[in-house]
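Below is one structure, written out as structure tokens; the observations come after it.
The values are calculated or read from the model by the stated rules, or taken from the named source; none is laboratory data. None of the values given here were measured: they were computed from a predicted structure. Please note: Cβ atoms are built from the backbone with ideal geometry, for glycine as well, and neighbour counts cover all protein chains shown.
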Amino acid sequence: MPLEGRVTTIYIDNLPYGVKDGQNLLQASLTLGFNLPYFCWHPALHSVGACRQCAVKVFKDESDTRGRLAMGCMTPATEGTRLSIEDPEAKAFRAGVIEWLMLNHPHDCPICDEGGECHLQDMTVMSGHNYRRSRFRKRTHLNQNLGPFLNHEMNRCIQCYRCVRFYRDYSGGRDFNVFASHDSVYFGRYEDGALESPFSGNLVEVCPTGVFTDKPFKEHPTRKWDLQTAPSVCTGCSLGCNIIVAERYGEVRRVLNRYNADVNRYFLCDRGRYGFDFVNSQRRLRLPLVDGRELVPEGSATQALSATEGGSPRPAPASSEAKGAVVRRAVARARDILHGSRRAIGIGSPRASVESNYALRSLVGPDNFCDGMTSGEHRLVGMMKDIVASGPVRSLSLAEVERADVVLVLGEDVVNTAPLLDLALRQAVRTRPEAVAEQLLRIPLWDDRAKREATQGKQGPLFVATPYPVSIDDIAVKSYRLSPDDIARLAQAVAYAIDPEGIAPLVGAADPLHVVAETIGGSLGLAARPLVIAGASLGSEAILRAAANVATALAKAGKKDAGLFLVAPEANSMGSALLGGMSLDEALEAVRTGGADTVVVVENDLTSRLKEASFRALFDSTKHSIVLDFFRNRTTELAEIVLPVATFAESSGTFVNNEGRAQRFFEVVNPDEIVSASWKWLGLLSGRGTGEEIAWDTLDDIIARISEDLPALAAIGSAAPGARDVPQVHRVPRDSHRVSGRTANVASLTVHEPPPPRDLDTPLSYSMEGSPRGRIPSSLIARIWAPRWNSVQALTRFQEEVGGPLKGGDPGALLFGPASDRTRAYFDGVPEAFAPDPRRPLAVAIRHVFGSEPLSALSRSVSERIPSRYVGITPDAARSLAVADGERVEVTVRDLRMELPVRIMAGLAEGLCALPEGLPDMPYVGLPAPAGILKRTAP
Amino acid sequence: METPLTGNIRPDREPPSLKEYEKSGGYRALARVVSGLAPAEVTAIVKDSTLMGRGGAGFPTGLKWSFVPMGVDAPPGPRYLVANADEMEPGTFKDRVLMEGDPHQLVEGMIISAYAIQATTAFIFLRADYDLAEKRLKRAVAEAYEAGYLGKNIMRSAYSLEMYVHVSAGRYICGEETALLNSLEGKRAIPRARPPFPQVSGLFGKPTVVDNVETLCNVPHILANGAEWYKSLSLTAIGGTKMYGVSGRVNRPGWWELPMGTTVREIVEVHAGGMRPGYALRGLLPGGASTDFLVEQHLDTPMDFTSIPKVGSRMGTGTMIILDGKTCPVAFVLNLLKFFAHESCGWCTPCREGLPWVARIVKAIEEGQGEARDLSVLEEHCVALAPGRTFCALAPGAVEPLQSALKYFREDFERHIKERGCPWRAA
């Protein structure tokens, strides 16, 4: 791929190389594939020149033979720069830096969790330092308990300052810092306690050694090379961050970032990193249930256990035949039901893959398929899809968000609905001031501290309109606290400010919102890359319509780089919307009055989307129910047949993220013969009444079917190569080439080495053999490793250039084309001004990064960070109710009555109250809705 | 012999009040500047005067000022002048004398310098321990405001300047101008990389000049009497007088304002009265703890920015510390190294890790635990902590006394190792 921008020639050890203009020597050297060690430099955090590890010899010109030592990361690669990496003095100095770091770094590699994937180990070996000359004692520190995500071992610290730079400068955290000075600098919190930032887990990858290690991973220490890994996609929200999932002994052990230059780049949120643990939950279903009773394979050791234990223990070795018999029995029973039913309604799920939803849709027929969303969510997501699929403004990638220069956020509490968007916006607000500093002061973009000094935390315009205070208030030029309707009205007024010809002012042109809108509109009008962010979290179609109108107005004003970013509710909401189907309420209606007597529910605990009464009514009115899910939950309890399905870790499929990017996830846990992907179960069921034939056998088959059947989804095939596209010998190994104990792992069961499991669905193999590293397509990168680079820092070896796209282009397939129809008409329907009713405040939904997403909420580490339910009220409301923070009140909303502790929320818009819908201890309410709040009278 | 800097100073008595300072000619230079000279003209005069920074590096002051973007090229917003009064170099006390003895001289010098770069605000970044200087400077600044020398429309001109006395929290690294700026901003006192230089992106990211106290004190006199007069004060090509000082076992330790280029011998033998009876001079650090030792053979070298480097050291602050024959050079160096290791800010690896290692080795040698290979490790550090390899000048300065001690007093180190103890302690 040709490099953008001007190309500069530099000479490394007397050979000429072309590098992209504006880089520093370290970046350039790494891009060119040289092994130049470093610590404090990080491709996203850039240069600060602290560790002095990347010293090279720089020469003035050809005749200069003496040269001088300079730090690669702090020296610009200008035309004709001559440097030597191999210069003996430079090499000796680099070895000396390691010697200094090793003065205090403990010799505990064998018991350190970082061992084997430690950047410090790699750099030590690379530098050549190997002999300890110091005879003095090492300095020691006390460690802190930093909460459920990170282990802290300060004695290992080499003071590269990356952690504090990531935590504070890059991600805006406040409760972590560097303390003290000289050789006792300390990185931690001012006192023990869970790190508050939802991005804290990145320290695992940011730290070049074992100071910050993955705490849940530490429960079962495993070396990197013994992990079975596969590329995957996060299920935690709609952004679709790319991850690498690691397995051992049938359990998912950890999640690491998988770089995608267009999406998550270098970082993940803690929900994404630690939420995987639901896969290992004790509540997992391992066997089919028929009428509430497990179908146990013959000869299985679990038979005796299952009667006494609450959960389903993993079936101990039963023969394949016995397991196959269980599957056949369950399938036969389900087929009988389907065969005999008058009309079967299939209820899919926006968190299930495109393949599983499609399989359900083809099992029951398009007219009987429900996307599993409530009518509100269904309408919102459908509208989102229409806006980004056919609107005049493009749906931006997360990486493009980082480059936006003026941003308007409408209604979304981004850190809690799409956490990584918060991180992207924190970078976006720096782009304009830093561009000015670069232009005016000639500060290169990689000179991080100089850049931050020159810009003094100045932030490019970001405007926020939400009902309550949000995380990004600290980077906003102005935050407005408004009701959902008024947010929509403000947006409409902004659209009017940009295009007064095309849009009518608000009713009552003197509305004060117009004054505010004038400022925002003016700012957006001056932007090169304006961005409008909205989403579904407040349940307001009016906000989406008005957000689209702002975007349309910008397009009409000639902003061809204007962008929209719409946050969808779940990992595959957009994929579900593209499949089309009815809403949950329509499905309910079909069961109650439409003659449907059977429901098939896929990966959807309906209690989280239906009120208790509707939920009951659904199961009362249907004669038969077949439920496919991972867990025992209220929905599986009521089902006639329950089929245990594979999670994202045990199956493969496709998610479509909020942007419209189809991304493939691959199984990493060898699937059981019983627990398999929903689309596989549904394939077995779909051979309705005609014997044993099934509709599709492999992932390739079903993707081919989808592509033929649904043009909107035709491109999902190109999200990643299929199993058929990659010859057996070039399959990507899930095991590392250093995997140990391959035969010992199963020695307790058999002395023979069993053949590796066959994988007919993916171009990966359950083996250590396969495609050589250099030939792996970017969508199949299963681990970040390169010769001499055992840590995640090996990533530079997979990129076209440091910080640039992966070799061969970044994975994923965009389903929406570039912006079309520039002349699209504006949406109508501006709501009336919100009239606060102090006696019946409007309850709006408030989300929590930990807790509002049901799968990650089951993770043991995440569950420690989940708040318990509450009602947020304004200080005024607290005064008139005469309640103090934490006091309990009675909240009535719709027909639900709950006793909740009060959280007094300064900044909550007048006339509103906030309910954390989605928390595990919170029932489904259906927000927004007016609420009654009463002080509890003393018993 | 003219002593413009210290003419008003009456040791052990209150400094001149505003009235007294004015009577001695004070603020007349300022009046001349704000009423009739363009900023560029002030800078040109200071350039002509050959005034060089007295903080130790000896950078031409006028040249430094000229790097501040002015006129149409200037970025919008404020500009700053900072007086580096964080005098923490061991053995150095010259700025203290000037601030305690004649605070208005510094204030006037700062206003004129600020005018030259059209600064809007000036700060005096004062060493934490200088209580008396703080009191006197604050009084002087208040008096200057009262008299219209500070604040809006200074002396009815179009120029306005605010001035603050900021007392540091007390770290040696704050004397490094960019660490000083970070500290002044309320950040950790860590040096910054250059470029960008403070003149372009300094305090709060705005153009800033940081000058040493003594440097700034010269400015009113240059503007009052002209560049030629100033150059005539010196014995060498670099103009002006210099605050020299001597500490150690001499007959009259103290400070003297002498023509620039006075020889080391004259300072030690004439002004400091020579060594005390029974003490022989073994060596001296010419300009604070972070300069290389000079020995007997160097005594006739003129103390200035160009002559001292020729004999392998730096003039630094110009205030010497004498090593006498009854003091163990190893212990002497150890004391300095412990100071520097402790004052490392902890930012870059060589300084943060290298200096404590060096200090531990020297301590081991001093305590009789030295090993033969130790000297080569020390020598390696003298190279490895050279300028350019570390982030700032702290560590390179810290190893200067060590590298010259290894050169001139090597036998003392070797004796410590061989005899497994300090010969001075044994005696």
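Brief remarks follow.
- The set of residues from the stretch A:159-184 being at the interface with chain B (Cβ under 8 Å from one of its Cβ atoms) and either under 12 Å from residue B:347 (Cβ atoms) or not hydroxyl-bearing (Ser, Thr, Tyr) (or both) comprises A:159, A:161, A:178, A:180, A:181, A:182, A:183.
Table: residues versus (1) farther than 17 Å from residue B:340 by Cβ; (2) surrounded by fewer than 21 Cβ atoms within 10 Å (Cβ to Cβ); (3) within 12 Å of chain A (Cβ to nearest Cβ).
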| position | (1), (2), (3) |
| --- | --- |
| B:372 | yes, yes, no |
| B:378 | no, no, yes |
| B:391 | no, no, yes |
| B:394 | no, no, yes |
| B:397 | no, no, no |
| B:410 | yes, yes, no |
| B:413 | yes, no, no |
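- Residue in the stretch B:349-358 that is crowded, with 24+ Cβ neighbours inside 10 Å, within 14 Å of another protein chain (Cβ to nearest Cβ), in a loop (DSSP other than H, G, I, E, B) and touching a His at 6+ places or on another chain (Cβ under 8 Å) present: no
- The single condition from (1) surrounded by 23 or more Cβ atoms within 10 Å (Cβ to Cβ); (2) away from every other protein chain (no Cβ under 14 Å) that residue A:217 fails is (1).
- Filter result (farther than 27 Å from residue A:236 by Cβ, assigned to a loop (DSSP other than H, G, I, E, B) and touching a helix residue (DSSP H, G or I) at 6+ places or on another chain (Cβ under 6 Å)) within the stretch A:613-652: A:622, A:638
- Restricting attention to the stretch B:190-201, the residues that are closer than 23 Å to residue A:181 by Cα and more than 8 Å from every other protein chain (Cβ to nearest Cβ) total 3.
- Checked across the stretch A:24-37, the condition of being within 13 Å of another protein chain (Cβ to nearest Cβ) and of a type in the set (Val, Ile, Thr) holds for no residue.
- Selection count where residues are over 15 Å from residue A:449 (Cα atoms) and either part of a strand (DSSP E or B) or at the interface with another protein chain (Cβ under 9 Å from one of its Cβ atoms) (or both), scope the stretch A:46-64: 7
- Which numbered condition residue B:196 misses (of (1) more than 24 Å from residue A:47 (Cβ to Cβ); (2) in contact with a Lys or Arg (Cβ under 9 Å, 6 or more places away or on another chain)): (1)
- Residues that are acidic (Asp, Glu), more than 14 Å from chain A (Cβ to nearest Cβ), part of a helix (DSSP H, G or I) and within 28 Å of residue B:104 (Cβ to Cβ) do occur in the stretch B:207-220, at least one of them.
- Residue in the stretch B:289-309 that is within 14 Å of another protein chain (Cβ to nearest Cβ), buried (at least 24 other Cβ atoms within 10 Å of the Cβ), modelled with pLDDT of 95 or more and assigned to a loop (DSSP other than H, G, I, E, B) present: no
- Within the stretch A:578-585, none of the residues are without any contact (Cβ under 8 Å) to a residue 60 or more places away in the chain and not basic (Lys, Arg).
- Subset of the stretch B:13-68 [at pLDDT below 95, under 22 Å from the mean Cα position of the chain (by Cα) and not hydrophobic (A, V, I, L, M, F, W, C)]: B:55, B:56, B:58
- Residue ID - farthest from residue A:203 (Cα to Cα), chosen from residues in the stretch A:65-85 that are assigned to a strand (DSSP E or B) and within 11 Å of another protein chain (Cβ to nearest Cβ): A:68
- Top-ranked residue of the stretch A:346-373 - restricted to ones that are aliphatic (A, V, I, L, M) and closer than 17 Å to residue A:716 by Cβ, ranked as surrounded by the fewest Cβ atoms within 10 Å (Cβ to Cβ): A:354
- Scan of the stretch A:417-456 for residues that are under 27 Å from the mean Cα position of the chain (by Cα) and either among the β-branched types (Val, Ile, Thr) or within 13 Å of chain B (Cβ to nearest Cβ) (or both), ordered by number: A:417, A:429, A:431, A:446, A:448
- Filtered residues of the stretch A:923-939 (kept if of a type outside the set (Gly, Ala, Ser), out of contact with any helix residue (DSSP H, G or I) (no Cβ under 8 Å at 6 or more places or on another chain) and buried (at least 19 other Cβ atoms within 10 Å of the Cβ)): A:925, A:927
- Counting only strands (runs of 3 or more DSSP E) that sit completely within the stretch A:127-218, those holding 3 or more residues that are touching a residue at least 24 places away in the same chain (Cβ under 8 Å) correspond to A:150-152, A:186-188, A:212-214.
- Candidates in the stretch A:91-126 are the residues that are part of a helix (DSSP H, G or I) and of a type in the set (Gly, Ala, Ser); of these, the one that is nearest to the other protein chains (Cβ to nearest Cβ) is A:96.
- Residue within the stretch A:149-160 that is farther than 26 Å from residue A:252 by Cβ and either in contact with a Lys or Arg (Cβ under 6 Å, 6 or more places away or on another chain) or surrounded by fewer than 20 Cβ atoms within 10 Å (Cβ to Cβ) (or both) present: yes
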